[in-house]
Every structure is written in structure tokens, then in C-alpha cells.
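The values are calculated or read from the model by the stated rules, or taken from the named source; none is laboratory data. Note that the coordinates shown come from a computational prediction; the quantities given were computed from them, not determined experimentally. Every residue, glycine as well, gets a Cβ built from its backbone with ideal geometry; the counts of neighbours run over all protein chains shown. Heads up: the accessible areas ignore ligands, DNA and RNA and are worked out on the full protein's heavy atoms, side chains in. Shrake-Rupley method; radii C 1.70, N 1.55, O 1.52, S 1.80 Å.
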Amino acid sequence: MQWNDEAEEAMSRVPFFVRKRVRKRVEEEAESRGANEVAMAHVHACRQRFMTNQEAEVKGYQVESCFGSTGCPNRIETGLDLAAALEQELAGRNLKEFLKARVNGPLKLHHEFRITLADCPNGCSRPQITDLGLIAARRPRLTENPCSGCGSCLAACQEGAITLAPDADYPTIDFAQCLACGHCLNACPTGTLDTGATGYRILIGGKLGRHPQLGRELPGIHGPAATLAIARQCVDHFLTHTQRGERFGEIINRTGLDVLAPIPGLDRV
Ligand code: SF4
Ligand code: SF4
Ligand code: SF4
């Protein structure tokens, strides 16, 4: 749907972490009035509803993604529509009713359990400051195909994680530096670098607010099935331990991360 300049400018002042959702609600408002362009009247109507009855806007959870699926060249394919799987999982947990029973006063958006996906380590959707942040990851692996020494992988790596000694047959990858963006293997013309471990990096307990903190990263790259299982663990832990609407990061600060133990039989690589 088209937006006029005034409405678009008003939207740019909405905090980034609710902008996508507010945008959708404003477009729904315009549609319900039979408009084919969003104008300030629709923005004002939504703002009024939000100010007077925020609880009606609360779903109990949010699953938010970056714009990778709209054609971003950096997107890493993991073979699972994780956003859809998480949405289905959380929709079945009745989180809004659960929160209503525990929060004093009306529910606010910041009470929701929030999962944020980014389809590559650039993290445009800001997975570092959400309850559960998931970053798609793809590590390179060396194959037996001969390396031509072209240096494309070194040029592609922004982390300086790849070196190629003058007399070496193959490059060396420092996985402590590697962010698993996959750029090097995309750049390799000989197939010497190929796709290795693919899945997600997992950040736990990030938040903004009065005491902001970045999510703490679980070690390794987690395959899609393991990621979904850990997400379930996190929601279970949230439901079991939350007190008066505190954020997941505060719970993890109290209980530690060890509660999220590796799950036998699932792929942590
Ligand atoms: S996080 Fe990566 S894949 Fe997603 S929109 Fe940003 S650059 Fe593209
Ligand atoms: S995956 Fe990305 S960060 Fe890792 S070595 Fe390749 S280019 Fe560097
Ligand atoms: S691994 Fe591939 S990209 Fe890197 S130097 Fe060798 S041939 Fe070139």
C-alpha cells in the first residue's frame, strides 16, 4: 500500500522495535476505511487506540525477522522456515492469558516474549537486544579441490579470519574469528571452500530498558531442529520462572544459562 509523505515521515519517528508492527496496523486501519493510500488520519487513529488501550495490541509474544526473505543477497538459507515454525509454537502457548495472570495492571508490549531472527550476521533486525535472538550462520569447510591461490576468500572476509601462507596449498580459517557469514565460500571459484556447518547462532536474554544488556551467545552453531528445541526450552523457562512481567534477560541473570543444556541427539556443531 502507498503512504503519503506526511504519514511516512510520522512512521520514521516510531521506535524501530515496534515500527514493523505499527506499520501493519496503520495499513489495516486504512484498508478498513476503504483507502488505497495511508494518510495521517490513519496514523492518528492507530496512535489513539494504542495510547488508550495498549493491552488490545498485545499478543503475548512476537516473532520478528529481518528483510532477508525479500531478496537480500546476504541471506543464509538453513532449509527451515524457522519464523513460521516459531510462530506456530508460540501461538499454541496462550502467552497473553498467562501474562495477564502475572502482571500487575494492564499488559504492555514490553511484557511480550520476543524472538528476533536475522538471516545473516549483519543482524539488521537487532537480535542482540531481544529475549531470544537467532542469527542464521554458514561456516566454510575446506574440500580436497585444489586451491588456485587467487585470494578471493581473503578479500571477501571482513573479519580477517582467513590467511594463505605463500607456500601453503590451502588457506587457514580461524574459526574463533569467523562469524559464519558464508561470504568466503560464495567467492571461491574452485570449490576449495564449500558449505560447512549451517544453522543458527543463538543469543539469550538481550534487552533494552533501564538496565540494557546484549544477549549472551550459546557456543557453537545450532542446526535448525536444535534451534527450535532450544527456543522451546527458553519459552518453558520463561513460563516457569517469570515474576511480575520481568524480561527473559532478568530471569537468565537470576538462574544462569546452564538450564539450557545441550539436547542429546540434536546437532550443536
Ligand atoms: S540481517 Fe542480513 S539477510 Fe537480513 S536483511 Fe540484514 S543483511 Fe539482509
Ligand atoms: S564465513 Fe564469513 S567470517 Fe567466516 S571466514 Fe568466511 S567470510 Fe570470514
Ligand atoms: S580457497 Fe578458493 S577463494 Fe580462497 S584462495 Fe583458494 S581458490 Fe581462491
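Which members of the stretch 114-153 meet the condition of being surrounded by fewer than 24 Cβ atoms within 10 Å (Cβ to Cβ) and under 17 Å from Lys59 (Cα atoms)?
Arg114
Hey, among Pro166, Pro146, which residue is assigned to a loop (DSSP other than H, G, I, E, B), at pLDDT below 95 and within 16 Å of ligand 3 (Cβ to nearest atom)?
Pro166
Can you name every residue in the stretch 152-195 that is at negative phi, small (Gly, Ala, Ser) and near ligand 2 (Cβ under 9 Å from one of its atoms)? I'd like the intermediate steps shown before the answer.
Taking the stretch 152-195 as the starting set, the residues that turn out to be at negative phi are 152-159, 161-179, 181, 183-190, 192-195.
Checking which are small (Gly, Ala, Ser) leaves us with 152, 155-156, 161, 165, 168, 176, 187.
Those that are at negative phi, small (Gly, Ala, Ser) and near ligand 2 (Cβ under 9 Å from one of its atoms): Ala156, Ala161, Ala187.
Suppose we filter the stretch 78-113 for residues that are among the charged types (D, E, K, R), surrounded by 13 or more Cβ atoms within 10 Å (Cβ to Cβ) and assigned to a helix (DSSP H, G or I); how many remain?
Adding up the residues that qualify gives 5.
Taking the options Arg19, Arg13, name whichever one is surrounded by 13 or more Cβ atoms within 10 Å (Cβ to Cβ) and either not assigned by TED's automatic domain parsing to the domain that holds Ala91 or not in a helix (DSSP H, G or I) (or both).
Arg19
Determine the pairs where a residue that is open to solvent by 50 Å² or more (accessible area, probe 1.4 Å), located within the stretch 160-178, has a partner that is assigned to a loop (DSSP other than H, G, I, E, B) and within 16 Å of ligand 1 (Cβ to nearest atom) with Cβ atoms under 6 Å apart, the partner being 6 or more residues away or on another chain.
Correct list of pairs: Gln177/Glu159.
If I go through the stretch 87-145 residue by residue, how many of them are more than 16 Å from ligand 1 (Cβ to nearest atom), touching a helix residue (DSSP H, G or I) at 6+ places or on another chain (Cβ under 9 Å), among the acidic types (Asp, Glu) and more than 27 Å from Thr52 (Cα to Cα)?
1
Anything in the stretch 31-77 that is surrounded by fewer than 18 Cβ atoms within 10 Å (Cβ to Cβ) and among the β-branched types (Val, Ile, Thr)? List them, or say none.
Within the stretch 31-77, Thr52, Thr70 qualify.
Please find, within the stretch 183-211, the residue that is surrounded by the fewest Cβ atoms within 10 Å (Cβ to Cβ) out of those that are assigned to a loop (DSSP other than H, G, I, E, B) and more than 13 Å from ligand 3 (Cβ to nearest atom).
So, considering only residues that are assigned to a loop (DSSP other than H, G, I, E, B) and more than 13 Å from ligand 3 (Cβ to nearest atom), the one surrounded by the fewest Cβ atoms within 10 Å (Cβ to Cβ) is Arg210.
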